[in-house]
Ligand code: HEC
Ligand code: HEC
């Protein structure tokens, strides 16, 4: 069995200490790196909420819809096949099937909509927000409003939010907003973090790993990953996600600086085109990616990122 396969097996069976051992990881001293922005957040005493366990899913038609929603969330490749265009799952980024706080949990999202989104300049319903994740994170097609797929996901999220207060921001919504790094983020330093802490699971070319036709570690870039329009393509979101959740089983083990750098590294790679592509990379960057947190339209090692179909032909553009 390869080292990678071994890591996959131990995750299920033994847990994080074994994962750490399997991938040769040692805990760095992060005692000096307590993020001040996160600490400040905690002092605001936001409303804490715990979603109900699956055992509380009611019997009958409504319960069946909730269960279908959870199945779609965990296995969109099976239960929402016609809408997905890559090998990712909702639960790859919204951990514990959308229950984990600080991992953009569905219960905290559910009570926060309808909400205005600058991404499309409109007040979005929860269903419309779900459509966005199909189009961008799943590199697929948005199910129609009122379709069974969206109703099921909405029912599941409604169930998870059972008893949650509305009108207050719940603690744990979204991913943590990390403080700015001490040094500007750098994909070159990120390459070193990636090789050391990520490649064993996600692969040298970010392609992820499968076993018996089943994805064990999801792709971080390339044709099977999220497209350029996705939230994870923003270095800011990716840094918060990674700090909070990665390496899997070792949350908050990277420093703030390492999290920014490795996020810059994965977000400076090739991936499927932004479906809002305007016919030129420059115009698309200007309209949708005009921020220092997006590498879309930037040239990295001589390669202009964001060209159509680039992900199919170029495995990676950065040093390993
Ligand atoms: C590649 C990672 C990724 C995948 C896969 C993914 N999402 Fe997301 N999702 C994100 C990111 C990043 C955000 C933005 C969080 C933010 O802006 O704070 C987000 C936001 C959301 C939100 C809004 C959260 C909020 O608090 O407003 C919902 C709802 C959502 N996703 C549902 C889904 C569903 C359903 C699927 C599967 C069909 C899915 N996501 C797949 C990364 C992902
Ligand atoms: C022990 C194996 C392991 C290691 C090491 C690891 N990951 Fe992951 N990663 C996973 C798994 C498994 C998931 C999906 C989680 C789930 O479905 O519950 C994931 C999900 C992700 C995702 C969201 C899904 C996607 O494909 O975009 C990102 C981004 C990510 N990891 C980045 C990283 C980075 C950066 C590192 C290194 C700092 C890292 N991971 C280290 C196993 C690992």
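Since every read-out is calculated from the coordinates, none of them should be taken as a lab result. For clarity, every value in this text was computed on a predicted model and none was experimentally measured. All Cβ positions, glycine included, derive from the backbone under ideal geometry; neighbour counts span all protein chains shown.
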key: Cα-based shape type of the stretch 54-160, given that a ≥ b ≥ c are square roots of the gyration tensor eigenvalues and the cut on a/c is 1.5   = rounded
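Is the shape of the stretch 118-187 best called rounded, prolate or oblate, per the rule: a/c under 1.5 gives rounded, else a/b larger than b/c gives prolate, else oblate, with a ≥ b ≥ c the square roots of the Cα gyration tensor eigenvalues? Mind dumping the intermediate values first?
Values: a/c = 2.36, a/b = 1.40, b/c = 1.69.
Because a/c hits 1.5 or more and a/b fails to exceed b/c, the stretch 118-187 counts as oblate.
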task = Would you mind ranking 280, 137 by Cβ crowding within 10 Å, fewest neighbours first?
result = 280, 137
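With the cut-off at 1.5 for a/c, could you classify the stretch 147-292 from its C-alpha gyration tensor as rounded, prolate or oblate? Let's see the in-between values first.
Numbers: a/c = 1.31, a/b = 1.22, b/c = 1.08.
The shape class here is rounded.
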request  = Let me have the relative contact order for the stretch 187-313, percent, based on Cα pairs under 8 Å that are six or more residues apart.
outcome  = 26 percent
task = Find the centroid of the Cα atoms in the stretch 92-121 and in the stretch 195-231, then give the distance between the two in whole Å.
result = 22 Å
remark   = Ordered by fewest other Cβ atoms within 10 Å, a rough proxy for footprinting exposure, 261, 77, 309 read 309, 77, 261
Residues 57, 66 arranged by fewest to most Cβ contacts within 10 Å = 57, 66
query = Residue separation times 0.36 nm, minus the C-alpha to C-alpha distance between residue 214 and residue 61: what's the value?
reply = 52.1 nm
